[in-house]
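The values are calculated or read from the model by the stated rules, or taken from the named source; none is laboratory data. Quick caveat, the model's predicted, so the values are computed rather than measured. As a convention, Cβ positions derive from the backbone with ideal geometry for all residues, glycine included, and neighbour counts pool all protein chains shown. Calculation scope for accessible area: heavy atoms of the full protein, side chains included, ligands and nucleic acids excluded. Shrake-Rupley method; radii C 1.70, N 1.55, O 1.52, S 1.80 Å.
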Amino acid sequence: MVQPHEADKKKQSIGRSKGGITTKIHAVTDALGNPLKIILSAGNVHDSKLAEDLLFGMEAKAVLADKGYNTNKIAALIKEKNSEVVIPPFKNAVNPRNYDKHLYKERHVIECFFQKIKESRRVATRYDKLQIMYKNFVLIACCLVWLR
């Protein structure tokens, strides 16, 4: 069996993580859980690497994200856009950043969005070999979320 070249894997957004060979879906949603922007990456790429691309051109009163996006660079980028940073600090942070804990509870909306698009088995398991085909099907699933 011929192993794919590493550059081809990167181009196809396939990477090895704890769960095996995977693809990550990074998304921005509005307050109602409707998708605004979708980016795919390999499973071994850290979440914070794509934060700048996700936030480009976006405006919001507050940006809610999980601890994977907790970097000073991302916080500065959010503040630069005059938005509130609602990202919890790591437990071992020397100088933990304050955040609105009640507003952070609304982050469940993005998790519900991922649950909705992964109702489609084709999105949840990535049967598609090519990134463009997989992304197109993810976008179709996003359209179905908008139509609900």
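For residue 17, the amide hydrogen comes within under 5 Å of the amide hydrogens of 22, counting only partners 5 or more places away or on other chains and with H modelled in the peptide plane. Just add up the charged neighbours of residue 27: K/R +1, D/E -1, any other residue whose Cβ is under 14 Å from the Cβ of residue 27. Overall, the nearby charge balance is +1.
Amide H to amide H, with H built 1.01 Å from N, residue 37 comes under 5 Å of 28, counting only residues 5 or more places away or on other chains. When DSSP beta bridges are restricted to pairs lying wholly in the chain, around 75% turn out antiparallel. Rounded to the nearest 500, the helix-only mean residue ellipticity at 222 nm of the chain stands at -10000 deg cm²/dmol, with each DSSP H run of n ≥ 4 adding -39,500 (n - 2.57).
Comparing Cα centroids, the stretch 66-103 and the stretch 22-39 end up 19 angstrom apart. Entry comment: accessible area of the chain is 69 Å² per residue, from protein heavy atoms only and a probe of 1.4 Å.
Report, to the nearest whole %, how much of the accessible area of the chain belongs to carbon and sulfur atoms, 1.4 Å probe, protein only. Result for the chain: 56 percent of the exposed heavy-atom area is carbon or sulfur. On a 31 Å Cα-Cα criterion, which of the cross-link pairs 18/79; 18/91; 11/73; 73/129; 11/101 come out too long? Those over the limit are 18/79; 73/129; 11/101. Remark: the stretch 19-33, residue by residue, has Karplus-estimated 3J(HN,Hα) of x, x, 7, 9, 10, 9, 10, 9, 9, 10, 10, 7, 5, 9, x Hz, where x stands for each Gly or Pro and the curve is 6.51 cos²θ - 1.76 cosθ + 1.60 at θ = phi - 60°.
Proximity of backbone amide H atoms, modeled 1.01 Å from N, is registered between residue 84 and 62, 63 at under 5 Å, excluding neighbours fewer than 5 places apart on the same chain. With K and R counted +1 and D and E -1, the other residues having a Cβ less than 14 Å from that of residue 73 yield a net charge of 0.
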